[in-house]
1. Using 7 Å Cα-to-Cβ label points, what is the K16/S51 separation (nm, one decimal)?
2. Quickly rank 57-66, 77-86 as a protection proxy: mean count of other C-beta atoms within 10 Å, highest first.
3. Using only alpha carbons, build the gyration tensor for segment 21-70 and give me the equivalent ellipsoid semi-axes, biggest first, whole Å.
Amino acid sequence: MKIRIKGNSIRLRLTKTEVSRFAESGVLAETTQMLGGELVYTLRASSDVESLAAEWKSPNQIQFLMPVDLANEWTQTETVGHQHQLELPNGAELFLLIEKDFVCLDNTFEDQSDNYPNPNAVC
């Protein structure tokens, strides 16, 4: 699972295997180890939310929540992803995007063998 953060925008991208694991268990976590600690980010299907949400769970963990119905629809169809503009208590907004990871069309050093075929690769 990849995470991209820029300003008040967070995007998660999942490979085919990760989407399957999320469909089976309703949760997927990734850990990035750094000097002095680690960052944990988790995607969880939840019946407690009506749209995508994100929250701090501990000093080093971000949890993303996806409604169960949305998670089921996303993992069982060709739907690429879901997005939501989350209104924060201070009046700011956080843009959330969770999507399936496609093979890049340009050269990359990443292993893309588990990514979804890019629909733009066919003319």
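1. Computed distance between label sites K16 and S51 equals 3.3 nm.
2. On the way: 57-66: 15.7, 77-86: 13.3.
Packing order, densest peptide first, comes out as 57-66, 77-86.
3. Output for segment 21-70: semi-axes of 23, 12, 6 Å.
Read-outs throughout are calculated quantities, based only on the coordinates presented, and are distinct from any laboratory measurement. Since the structure is predicted, the reported quantities are computational estimates derived from the model, not experimental observations. Cβ: placed from backbone, ideal geometry, glycine included. Neighbour counts: every protein chain shown.
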